[in-house]
Each structure stands twice: as C-alpha cells, then as structure tokens.
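The values are calculated or read from the model by the stated rules, or taken from the named source; none is laboratory data. For clarity, every value in this text was computed on a predicted model and none was experimentally measured. Because the Cβ atoms are built from the backbone with ideal geometry, glycine has one as well, and the counts that use them run over all protein chains shown.
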Amino acid sequence: MKVVAAMSGGVDSAVAAARAAEAGHDVTGIHLALSRNPASYRSGARGCCTIEDANDARRAADVIGIPFYVWDLSERFHDDVVEDFLDEYAAGRTPNPCLRCNEKIKFAAVLDRALALGFDAVATGHYARVRIAADETTELHRAVDPGKDQSYVLGVLTQEQLAHSMFPLGDTPKPQVREEAAARGLLVADKPDSHDICFVADGDNAGWLREKLGDRAPNHGGAIVDASSGEELGRHEGTFGFTIGQRKGLRLGTPAPDGRPRYVLDIEPVSGTVTVGSREALTVDRIAADRARWCGAALPPCASLEGTVQLRAHGAEHRARIEVDGDEVSIELIDPAQGIAPGQAAVIYDGTRVVGSATITSTARVGASA
C-alpha cells in the first residue's frame, strides 16, 4: 500500500513510520505545519508543532530512508482546533484540543489530501489497534500498553476514517518503542513525550485565553461563591480561566468552615459566577451528551447498550448504561465519577473495542439537592 506517515518529530511517530516501511509499504513521511508563526507555539521538546519538531521528523525520515514533506495545514488548524478551543472556554466548557485535532486535522484534512494524492492509508504513532471484524467493518481497540493507550482521543473517528488508518504501535509497550528507536539509530529515541497543549506557548492556559479572547470573552471578572451558603468568597478575572473540578488557583481569602479544600462546581459565563464547594459535590452519575460519532458499524437511531465509558484522556473506565436517541446520548454511570465538565468527550467501550464517542453537555447526580 501507499502510506502517508504523519511524523510529529517524536519517537512514536518515527518508529511507526519505520515499521510501516519495514512491512513493505510505500511510505512517505509528512510533518504538519500547524502555525504560520511557529515561534508562537511551544518551543523545545515539549510540544508537537515546533521548528525543532519538524527538523527531528526530517532527520528521522532520512534515517528510515523515506521521502519527506511538510504540509501546511495552519489555516485549517486555526479554524477547526484553536477557534473551537476559544469558543468552548468562552462558553464555560472544557474542550479536548487533541481529540478535535484528530477529528478535524489528522484524520480528516490529512486523510482527504492523502486519498486525493493516491495514497491508501495514513499511519500515526498513536497507541491503539485496528481489527477487521467478522462483518468486515474496521474496529478500533485499546492498545496493549494501558498506560499509553490513546484510543480515547481517537474515539471521534468514523468507519471510513478507520478503514484508512494504521497504528503500528498498538501492540507494543512504550519502553520497547524507545529501545527500538535507539536500535534503528533514530535520534529521537530519548526525546520526552509532549503533554501540554501545543498552541499555548508557555503552558499558561488562562493567560493565553485572556490574551486571545479579548473582547470575545463573556466576562473579565465576577464572583466566586460558595455553593452551600451563597456567600461571595472572592473575585476572579474571567470564567474562561476555570474548569469543573479545579482546586488550585482559586485564591480564596476565606477558608471553608471544615478546613477542607474547595473545588469549582459550576461556571456561569453570562453572569460571570464561579461556584465552588466540597469534593463530594463533584460526584455525578448522569451524563447527557450530543454530537455522537460511531467508530464501527453505525448504531440504530435508538439503541440501548451496556459497557464502559471513559471521560478523560487518561482517566478510569466507568461501568455504564447508555441510551442513544439519534445524535443524543444519555449515560447512567454505575460507577459514579467526579469533576466531569461539559465539553469533554464521553468515549464508549465494549471491552477493548471503542464503540463511539459523544460530547458532554451536562451532568447530574440522582438524589442531589437542587
């Protein structure tokens, strides 16, 4: 097959490209230029969008012996990922930009271009596995290494996209990938993994949002109030600087009566109110979600299923009952969760198989007082 290997400049994508070439595929390496001004994105080895990363990817392609090109997708990335991030925080929600990048860029824009150029598939360094089911649909499964499994951020992929996707690292633990990279002579073998948001240059999300939102921000200040008493405990500089479950950075002058920490329970961007309370108040067992996307065969317009749900990129699985009504998904958590924010993704699993995902719109706890 003719394969495009998306090479971020890190060890995982380099080894994935090398494995695809070694398997006999006709591989071409590409690096995505996601900013017209790379200096405005994260520098050094902590991101995935820098000039250093592009150079690392090019050197890896040279070692592997495959052609290498840079594809400029900066405009599409800004419109579909960065602007979405800004809009979601302005609305009081907490988005996952890596998930949105996979949906809109790596497996939409890149795959569309690759297919138009005559390629058959896109290979990436994500830790996940694809399998062909008995009905010949393509299934997405968890990786062998649970600590590195990235199926959560791939839960937005459609059947058509999965059919043209390759994840060569899904059956290998991360330490072995680094050992293999060193054995292949890839200089990125010891390069640190990237964890932070690539387009936030200094890692200060709140500061970056304040600068970029400007007049688009729903507010530039408001009250922080106690959920139980309604007392104003402090002031803030914009609701966009908070997320559900946040404990640090509240800067409250009045300690809780019981001496325990307070957490963000609710964000109201119109009034500018941030509500805080106890950790126990973060517990939810009902989730409403929309924008459903199914990885395997499409589910019927109305369906009921039992499985597990993952609510964060590296979070625990929760046993759940799921009801599907068209684009809407209702989830009853048998295992309650804490600190779940609107805007996050709920990814549904049947064992190791990813069934699909939906974007959380609201949460609740049965029996909780209003």
* For region 209-281, which fully contained strands (runs of 3 or more DSSP E) count at least 3 residues that are more than 13 Å from Gly92 (Cα to Cα)? -> 222-226, 232-236
* Per-region count, region 97-116, residues touching a residue at least 12 places away in the same chain (Cβ under 8 Å) and acidic (Asp, Glu) -> 1
* To do: Pick out the one residue from Ile334, Ile322 that is assigned to a strand (DSSP E or B), out of contact with any helix residue (DSSP H, G or I) (no Cβ under 9 Å at 6 or more places or on another chain) and loosely packed, with under 15 Cβ neighbours inside 10 Å.
  => Ile334
* Regarding Arg235, is this residue without any contact (Cβ under 8 Å) to a residue 24 or more places away in the chain and either of a type in the set (S, T, N, Q) or in contact with a strand residue (DSSP E or B) (Cβ under 8 Å, 6 or more places away or on another chain) (or both)? -> yes
* Write out, first by first residue and then by second, each pair whose Cβ atoms fall under 9 Å of each other, whose residues are 6+ apart or on separate chains, and whose first residue, in region 51-64, is in contact (Cβ under 8 Å) with a residue 40 or more places away in the chain and assigned to a helix (DSSP H, G or I) while the second is surrounded by fewer than 19 Cβ atoms within 10 Å (Cβ to Cβ) and among the polar types (S, T, N, Q). => Glu52/Ser43
* Structure fact -> Being under 21 Å from Leu162 (Cα atoms), in the same structural domain as Thr359 (by TED's automatic domain parsing) and in contact (Cβ under 8 Å) with a residue 24 or more places away in the chain narrows Val329, Val309 down to just Val309
* What about Ala341, is it assigned by TED's automatic domain parsing to the domain that holds Asp290, outside any strand (DSSP E or B) and among the hydrophobic types (A, V, I, L, M, F, W, C)? -> yes
* Is there any pair with a first residue in region 77-96 that is in the same structural domain as Leu34 (by TED's automatic domain parsing) and buried (at least 18 other Cβ atoms within 10 Å of the Cβ) and a second that is modelled with pLDDT under 90 and outside any helix (DSSP H, G or I) whose Cβ atoms are under 7 Å apart and which are 6 or more apart or on different chains, and what are they? -> Phe77/Leu34; Val82/Phe199; Asn96/Ala313
* Taking the residues in region 248-271 that are of a type in the set (D, E, K, R) and farther than 17 Å from Pro342 by Cα as candidates, determine which candidate is surrounded by the most Cβ atoms within 10 Å (Cβ to Cβ). => Arg262
* To do: Test Arg286 against the stated conditions and say whether it is over 23 Å from the mean Cα position of the chain (by Cα) and surrounded by fewer than 17 Cβ atoms within 10 Å (Cβ to Cβ).
  => no
* To do: Quick one: in region 299-316, of everything that is loosely packed, with under 15 Cβ neighbours inside 10 Å and within 22 Å of the chain's Cα centre (by Cα), which residue is nearest to Ser151 (Cα to Cα)?
  => His314
* Structure fact -> Being in a loop (DSSP other than H, G, I, E, B) and either surrounded by fewer than 16 Cβ atoms within 10 Å (Cβ to Cβ) or under 19 Å from the mean Cα position of the chain (by Cα) (or both) narrows Asp171, Asp112 down to just Asp171
* When you go through Val110, Val11, Val15, Val63 one by one, which is the residue that is in contact with a strand residue (DSSP E or B) (Cβ under 7 Å, 6 or more places away or on another chain), modelled with pLDDT of 90 or more and under 28 Å from Arg129 (Cβ atoms)? -> Val110
* Taking into account only those residues within region 206-218 that are touching a residue at least 24 places away in the same chain (Cβ under 8 Å) and within 17 Å of Gly249 (Cβ to Cβ), which is farthest from the chain's Cα centre (by Cα)? -> Arg210
* To do: Could you please let me know if Arg286 is of a type in the set (Lys, Arg) and outside any loop (DSSP other than H, G, I, E, B)?
  => yes
